[in-house]
Amino acid sequence: MTAPVASTSIGQSISSFLDAAGKFFSDLAAVHWGALLLGLVFFGLNLTLRSRGFFNSLRAAYPAAAFQWRRVWGAYFAAVGFNNVVPARGGDVIKLFLTRSSIPGARYPTVAAAFFVESIFDFSTGLLVLIFAFTQGVFPKPPDFSKLSSFDISYLAEHFHLTLFLITALAILGVLAFALLAERARATWSRVRQGLTILSDRRRYLREVAALQAVAWLCRFTAFWFLLDAFRVGGSVQNVLLVFAVNQVAGAVPFTPGGAGVQQALLLKVFAASAPTAVVAAYSVGQQLTIAVFTALLGLGAVVFIFRFRSFKEVLYAGRASREAEREAERAGAY
């Protein structure tokens, strides 16, 4: 019975998304284009500030290397643009490769560790956002996720034992991988610590990373306020924070580009009493489509004009080849 039920749920999820997309395209004339443009400008500024914080983390890890912020900016936008149109977060691979190739003598473990630096502030802020959302009475509690019209999140919520098994299996695989790599742990750990260098200087971390992330969150807040106004849902502190919470949950389910489906289902639930269903449906798709197109175009532009690749696909192939070459060199004792 599970397969037919899952198939039906997927069909319902796709149908719900397509219905919302239809409402968006049929109501384009009602979009406030000035507010939409301002929203995209502030969203781009948010990503730009975040890329600068990432650049500062890398500069602390490689103080003697000369490399350009524009290449780190390009890698950051390429990753976000790719993740917004393709599922499973393949953009992280793109960011890792493009950043590593932009820094003379860089190694993948060090660059990957630098990713973690910005997650500290994001995790803390995201946790506060979720706590706020769950206290507002309109955001569904985790047990109620199974009732949402999005297959990926509702299926995981309905089949709690399967979800628990998957989490446990991933944890066991992580322990086994650590055990198998124990012999190389010292060399790898030294490179990981190098990527976290900026954390050893608290003042520098607060000044060059956390402060930029705080301003970036304010820009993101402003962006979503304008986007809510653009699609006639209405910008307010509460509404923006609820959208943030929706994005937090959708980002944890990377089965669709940018959490599509999950975002639509949650937004319809969250704003059910704030605006007509058709307006919320149009907003849920319109916001995601405009951000996806905006970041994808900028990301592709960075790939072509900064890194001289012809497509995202070509970057992925080059990244896999580069990573394999580094592994082979490590096995041969070159590093």
ask   = When Rg is the radius of gyration of the Cα atoms in the range 79-121 and Rh is its Kirkwood radius, what does Rg/Rh come to?
value = 1.01
request  = Please give the FRET efficiency for ARG70 paired with GLN238, using the beta carbon to beta carbon distance and R0 = 30 Å, rounded to the nearest 0.05.
outcome  = 0.20
key: Span from the the range 206-254 Cα centroid across to the the range 30-67 one, whole angstrom   = 14 Å
task = For GLU328 and LYS141, compute 0.36 nm times the residue count separating them, minus their Cα-Cα distance, and round to one decimal in nm.
result = 62.6 nm
note = With label points set 7 Å from each Cα along the Cα-to-Cβ direction at ALA318 and LEU218, the distance between them in nm comes to 3.7 nm
message = Need one number: the % of Cα-Cα pairs in the range 200-245 sitting beyond the 16 Å mark.
response = 47 percent
query = At q = 0.14, 0.24, 0.26 Å⁻¹, what base-10 log of I(q)/I(0) does the Debye formula yield for the range 261-335 when every alpha carbon is treated as an equal point scatterer in vacuo?
reply = -0.68, -0.98, -1.05
query = Can you give the FRET efficiency for PHE115 and ALA272, using 1/(1 + (r/R0)^6), R0 = 45 Å, r = Cβ-Cβ distance, to the nearest 0.05?
reply = 0.80
Carbon plus sulfur fraction of accessible area for the range 212-305, probe 1.4 Å, in percent = 74 percent
note = If each K or R counts +1 and each D or E counts -1, the residues other than GLY195 whose Cβ falls under 12 Å of its Cβ total +4
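The values are calculated or read from the model by the stated rules, or taken from the named source; none is laboratory data. Values in this document were obtained by computation on a predicted structure and should not be read as measured data. Because the Cβ atoms are built from the backbone with ideal geometry, glycine has one as well, and the counts that use them run over all protein chains shown. The accessibility values were calculated without ligands, DNA or RNA, using every heavy atom of the protein model including side chains. Shrake-Rupley method; radii C 1.70, N 1.55, O 1.52, S 1.80 Å.
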